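*Asks:* Handing you this structure, nothing more for now.
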Amino acid sequence: MSTAHVAAPDVVELEKEYLLQNYGRYPLVLHRGDGPYMWDVNGKRYLDLIAGIGVNALGQNHPRIVKAIAEQAACLIHTSNLFYNEYQGPLAKRIAEVSGLARTFFTNSGTESTEGALKMIKAHGHDISAEKYEIVSLENSFHGRSLGALSITGQPKYRKDFEPLIPGVKFVPANDIAALEAAVNSRTAGICMEWIQGEGGVVPLDTAFCRRARELADEFDALLCFDETQCGVGRTGKYFAYQLSDPPVMPDIMIAAKPMACGIPLGILVANERAAKAIRPGMHGSTFGGNALAARVALEFFDVLEDLLPQIAETGDYFRAELRRIATAYSFISEVRGYGLMIGIQLTVPGGDLVSRAREEGLLINCTHDTVLRFLPPYILTKAQVDEAVEILEKVFAAVRFE
């Protein structure tokens, strides 16, 4: 059987027979893409506003990314971290310049970056006292699928099948300063939070809450960690979401991943010197993290991103304004929120049917937290493409009747 192009029914049946059945996939087999558009195996075109859950920042088939991948794949893909490659150092320098933090550790994903951050936090606490091991996280948060990441994920539906998890984690409501103050003490080794909760429904944190977290971390010699896996690396129109505040609330640790290498797996853990000193030689590592292919593509991406940031902010403002305009006509829409090209529509009803209807009309979106339509489009999205998406959404919303 040729593997070049398999008929859609065969793909689905093969996956049912041979893959672990842990994904609730949409009934769609995608074949190719160009810019913000995707085509399925039957040739139908879709405007992609989920972009691989925020990964395909430059869409599909971007000429500079394709060129970088082809050139590097023909030269050197992977060596392991037993050796230097030509691109990790320049990429780490670039990340330091745009983040304001000092040192980078390269991983393959947001979850792996979370694990590294947890080890850094735990080691920092252990260097001070054996009793300093507690971590404060937020209710409604999401930090990844591994056991460590689940331990600081404040959504019971993700945790319940794997408990007991890592002890010593406290959860407080987002933006509740009093609860945060009550949770942090001399036993706290770290405070972890997403500046914008992504899987939790595109919920931004208040700047005052984040500033108070910074103060408490300083007061109790804990590390403040911002998880920017979904909201970082240009998504909000800033390099990182903590830069939305003026002046920025600086973390000790920042983790990011999704768009870093435009579909090539790459994540980062970035730390200031105070946090970085907790990880000494031999304490942590990664086989694939920051290999030559991923690091070179990421450098190319950052070159493109620098010029795209104003467009991301402008297009995002336009998109939210258009969504708010049409939302006034529908009682099942209660709020449109977000920054840049990270947007959520809060519904008063489950959103799964709307996602299905949008897909039938040629628009790819998804629903998170059951009642939030989530948009994480490619950064190259234009206002004309926003108009195309809004026209489809108006058609979908008008056709739906909720009992």
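*Asks:* Scan region 349-396 residue by residue and report those that are hydrophobic (A, V, I, L, M, F, W, C) and at positive phi.
*Replies:* none
*Asks:* I'm checking my understanding of the structure. Among residues of region 307-320 that are of a type outside the set (S, T, N, Q) and over 19 Å from the mean Cα position of the chain (by Cα), which one is farthest from Ile380 (Cα to Cα)?
*Replies:* Residue satisfying both the conditions and the ranking: Arg320.
*Asks:* Does any residue of region 169-177 turn out to be among the basic types (Lys, Arg), touching a residue at least 12 places away in the same chain (Cβ under 8 Å) and surrounded by 15 or more Cβ atoms within 10 Å (Cβ to Cβ)?
*Replies:* Yes: one or more hits.
*Asks:* Of a type outside the set (A, V, I, L, M, F, W, C), assigned by TED's automatic domain parsing to the domain that holds Gln72 and on the phi > 0 side of the Ramachandran plot, is that true of Gly340?
*Replies:* Answer is no for this residue.
*Asks:* Could you check region 60-69 and list, in sequence order, the residues that are farther than 14 Å from Ala298 by Cβ and surrounded by 22 or more Cβ atoms within 10 Å (Cβ to Cβ)?
*Replies:* Answer for region 60-69, where residues must be farther than 14 Å from Ala298 by Cβ and surrounded by 22 or more Cβ atoms within 10 Å (Cβ to Cβ): just Gln60.
*Asks:* Now for a different question. Given Ser245, Ser286, which one is among the polar types (S, T, N, Q), in contact (Cβ under 8 Å) with a residue 24 or more places away in the chain, within 25 Å of Gly144 (Cα to Cα) and outside the structural domain of Gly340 (by TED's automatic domain parsing)?
*Replies:* Going through Ser245, Ser286 in turn, the sole match is Ser286.
*Asks:* Then there is this: Would you mind stating whether Ser113 is among the hydroxyl-bearing types (Ser, Thr, Tyr), surrounded by 12 or more Cβ atoms within 10 Å (Cβ to Cβ) and under 28 Å from Ile152 (Cα atoms)?
*Replies:* Yes.
*Asks:* Looking at (1) closer than 27 Å to Thr114 by Cβ; (2) not assigned by TED's automatic domain parsing to the domain that holds Glu71, which one does Ala298 not meet, given that it meets all the others?
*Replies:* (2)
*Asks:* Looking at (1) over 23 Å from Gln346 (Cα atoms); (2) surrounded by fewer than 16 Cβ atoms within 10 Å (Cβ to Cβ), find the lone condition where Ala213 falls short.
*Replies:* For Ala213, the failing item is (2).
*Asks:* Right, next: Going by what's in this entry, would Leu205 be described as aliphatic (A, V, I, L, M) and touching a strand residue (DSSP E or B) at 6+ places or on another chain (Cβ under 7 Å)?
*Replies:* It is true that Leu205 is aliphatic (A, V, I, L, M) and touching a strand residue (DSSP E or B) at 6+ places or on another chain (Cβ under 7 Å).
*Asks:* Of Ala313, Ala327, Ala294, Ala321, which residue is closer than 28 Å to Leu30 by Cβ and hydrophobic (A, V, I, L, M, F, W, C)?
*Replies:* Answer to the selection: Ala294.
*Asks:* Tell me, please, whether a residue that is in the same structural domain as Leu376 (by TED's automatic domain parsing), surrounded by fewer than 15 Cβ atoms within 10 Å (Cβ to Cβ) and in contact (Cβ under 8 Å) with a residue 40 or more places away in the chain can be found in region 30-43.
*Replies:* So far as region 30-43 goes, no, none of its residues is in the same structural domain as Leu376 (by TED's automatic domain parsing), surrounded by fewer than 15 Cβ atoms within 10 Å (Cβ to Cβ) and in contact (Cβ under 8 Å) with a residue 40 or more places away in the chain.
*Asks:* Moving to a separate point now. Residue check, Gly43 against (1) closer than 27 Å to Gln385 by Cβ; (2) assigned to a loop (DSSP other than H, G, I, E, B); (3) in contact with a helix residue (DSSP H, G or I) (Cβ under 6 Å, 6 or more places away or on another chain), all met but one. Which one?
*Replies:* In the conditions (1) closer than 27 Å to Gln385 by Cβ; (2) assigned to a loop (DSSP other than H, G, I, E, B); (3) in contact with a helix residue (DSSP H, G or I) (Cβ under 6 Å, 6 or more places away or on another chain), Gly43 misses (3) alone.
*Asks:* Just the residues that are crowded, with 21+ Cβ neighbours inside 10 Å and over 13 Å from Arg45 (Cβ atoms), please, taken from region 348-364.
*Replies:* Answer for region 348-364, where residues must be crowded, with 21+ Cβ neighbours inside 10 Å and over 13 Å from Arg45 (Cβ atoms): Gly351, Leu354, Ala358.
*Asks:* List the residue pairs whose Cβ atoms are under 9 Å apart, where the first residue sits in region 380-392 and is more than 19 Å from Arg235 (Cα to Cα) and assigned by TED's automatic domain parsing to the domain that holds Arg45, the second is among the β-branched types (Val, Ile, Thr) and in a helix (DSSP H, G or I), and the two are 6 or more positions apart or on different chains.
*Replies:* Val390/Ile326
*Asks:* Need the failing condition index for Asp48 against (1) charged (D, E, K, R); (2) without any contact (Cβ under 8 Å) to a residue 40 or more places away in the chain; (3) touching a strand residue (DSSP E or B) at 6+ places or on another chain (Cβ under 8 Å), just the number.
*Replies:* Among (1) charged (D, E, K, R); (2) without any contact (Cβ under 8 Å) to a residue 40 or more places away in the chain; (3) touching a strand residue (DSSP E or B) at 6+ places or on another chain (Cβ under 8 Å), Asp48 violates only (2).
*Asks:* Related question: Tell me which residues, restricted to region 99-114, are closer than 21 Å to Gly263 by Cα and of a type outside the set (Phe, Trp, Tyr).
*Replies:* Thr104, Thr107, Asn108, Ser109, Gly110, Thr111, Glu112, Ser113, Thr114
The values are calculated or read from the model by the stated rules, or taken from the named source; none is laboratory data. Just so it is clear, the structure is predicted and the values come from calculations on it, not from any experiment. Neighbour counts run over all protein chains shown; Cβ positions are idealised from the backbone, glycine included.
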